[in-house]
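So the structure is just underneath, and the comments pick up after that.
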Amino acid sequence: MSSKRLLEIYAHLYKEFIYVRRYYSILIMVFIMPYIMAVISSLLGFAAYIMVGESAYEKFTSTTGEEDVFTYFLIGIGLFVPSTLIISLTSQLTASEMERGTLEYIFLSPISRILATITFPIPWMISIIAVSILSYMPFFVLKFGFPFSIEMIQGYVATLIGLTPLLGIGLLAATLTLKIKEYWVVGNLLQGIILFFSGFAYPITILPYWMQLLSMVLPTSHAVELIRDVIERHISLIMSGRLPILLLMVPLYLLPAMVSYKYVLRRGELTGELYKY
Amino acid sequence: MNYTNIRRTLDTISASIYANLKIYFRYKASLIVWLFSTPLWILFFTTMFTLFLPESHMRTMLHQLLLSFIFLNILSECMWATSSYLRGIKERNIMEYVMMTSGGLYISAYGSFARILTDNLIFSTYIVVVFKLMFDIDLTILNPIIFFVGLLLSYLISYGFGLILASLTYRYRTIGPIINIVQFPILILSGILLPVYSLPEEIQSISVFIPVTYPFDLSRYGAVKGSTILPLPLEFLVSILSTLLMNILGYLVLKYVEHRESIHPSSVM
């Protein structure tokens, strides 16, 4: 790779990291929200306990196979928050540049256009994944006493691998939204689908069979199970059956996303659809 | 206040209502997507709740959850609508013009109340239909008078709370994450998400100090009876006083925002 190309990549990443720094409250949300939502979810259990007694927790254990309610929810929701943010931010970044009228300026500069637009979400993704790994740390310290045991490092790696295919889903969504004025709608719809079908807070086996089939194509369903395998079931990362599926999903989502994204950009340049004025 | 002033104030309110409703219905694709994504969110929380529920208690608890969703949307929409109203004024650089209208920021903010009511009407109707179709649960209200009085006070107190939050957040670029971080603890602590009596004692001891708790508790009592936090007449009184207090505070903080903006207008970007 030439030094000029490296400089281009650096320039884009630097620009987006400045945005990340400017909108830092999103990262605070990534850190705090899993705990808030895990507390809410655990309180649902407590409310059920107040009303129906010990059978509430017995039913939970028999359905999920887990006894620790808070841990169960935190692991799942800890993945949900960054997942939805990666998808919605990736799907919206190019369209928001279009809306601001800054996409033309980027295209006028002497750099690769596809490289420019694909690098938009990378700093966000790196920051969100880093903060979600950090947000797991206090919980790991409380539960295991130290944040860097072999199991926990495997948990961090599992989080990283589990969230990477979402970049592809986000880019695919971006290609659908470039020409829509309300460019955020596809991201919002995907958030709902991923939330319900991924099994963040319940095992997907309790859903009807056709829903389970749909959840199998979502990387998040496998990612949450991979982390549960490592942290709760003490299965090594390499031994988990979810790992090869997720590794396969990275190119499976990313390659078509990049191809379709490139096509939409080229077509947009010819027709002028990508320009604000 | 003379007749001309009253007419000008009413003109400001009606213009603000018109603008807010026009913006609300402008985003049709968002409304359509919302129709599909809302049931998924409801199903997510309901499925999570059913992890703990034996079949014998399912219907009672789902009815409580239906009420929670309706209440949740009231507070949430009040926070979002008022905060995005004030932030929108700031971002579009029209603060000066709005402050020059008859009644200023506070009166023109009433338009966002119209948006809140519209959104809640659509959401509540939709959610009742979704619960009926998905779980065969009807919204039953045992004492409509108490329920609707409680609901009215809940709207007003949430609006006052929204104004206070809006005045604290309108200078920040990303209000979304801030509102999310604030709203979830409030939803738990005030008994909106789950009835106060079903919360752990430590949380209950905080709930009683939150003004928003009482009108919602009153409304929930009107729907399903059960118990109130305070004796019923006292709960009425505390709900009314809390609502008044929150709205007076809301008025004062918006006046302070006007004062601050007229002396030190902050930059937008």
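The values are calculated or read from the model by the stated rules, or taken from the named source; none is laboratory data. Everything quoted here is computed from the prediction, not taken from an experiment. Counting neighbours? That spans all protein chains shown, and the Cβs are built from the backbone with ideal geometry, glycine included.
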### Message
Condition check: surrounded by 24 or more Cβ atoms within 10 Å (Cβ to Cβ), closer than 23 Å to B:MET61 by Cβ, out of contact with any strand residue (DSSP E or B) (no Cβ under 7 Å at 6 or more places or on another chain) and not hydrophobic (A, V, I, L, M, F, W, C). Does B:SER158 satisfy that?
### Response
no
### Message
So the check is Cβ under 9 Å with 6+ separation or different chains; which pairs have a first residue in the range A:15-27 that's facing chain B (nearest Cβ under 8 Å) and a second one that's buried (at least 16 other Cβ atoms within 10 Å of the Cβ) and hydroxyl-bearing (Ser, Thr, Tyr)?
### Response
A:ARG22/B:THR174; A:TYR23/B:THR174; A:SER25/B:THR174; A:ILE26/A:SER127; A:ILE26/B:THR174
### Matching residues in the range B:109-126 - criterion: being closer than 11 Å to B:ILE74 by Cα and small (Gly, Ala, Ser)
B:SER124
### Summary
Condition set free of Cβ contacts under 8 Å to residues at least 40 places away in the same chain and under 20 Å from A:PHE73 (Cβ atoms), scope the range A:153-192, selection farthest from the other protein chains (Cβ to nearest Cβ): answer is A:TYR156
### Query
Has the range B:28-46 got any residue that is more than 20 Å from the chain's Cα centre (by Cα), within 9 Å of chain A (Cβ to nearest Cβ) and outside any helix (DSSP H, G or I)?
no
### Query
If only one of B:LEU142, B:LEU199, B:LEU168, B:LEU194 is touching a helix residue (DSSP H, G or I) at 6+ places or on another chain (Cβ under 9 Å), at pLDDT 90 or above and either more than 10 Å from every other protein chain (Cβ to nearest Cβ) or more than 30 Å from A:TYR19 (Cβ to Cβ) (or both), which one is it?
B:LEU142
### Message
So if I check each of A:LEU176, A:LEU171, A:LEU237, A:LEU243, which one is touching a Leu at 6+ places or on another chain (Cβ under 7 Å) and either assigned to a helix (DSSP H, G or I) or more than 25 Å from A:PHE139 (Cβ to Cβ) (or both)?
### Response
A:LEU243
### Query
Could you list, in sequence order, the residues of the range B:125-143 that are among the hydrophobic types (A, V, I, L, M, F, W, C), within 14 Å of B:LEU43 (Cβ to Cβ) and surrounded by 14 or more Cβ atoms within 10 Å (Cβ to Cβ)?
B:ILE127, B:VAL130, B:PHE131, B:PHE135, B:ILE137
### Task
Just name the residue that is surrounded by the fewest Cβ atoms within 10 Å (Cβ to Cβ) out of those in the range B:179-194 that are without any contact (Cβ under 8 Å) to a residue 60 or more places away in the chain and more than 13 Å from B:VAL212 (Cα to Cα).
B:ILE181
### Query
Within the range B:55-169, which helices (runs of 4 or more DSSP H) (wholly inside it) include 1 or more residues that are at positive phi?
B:104-108
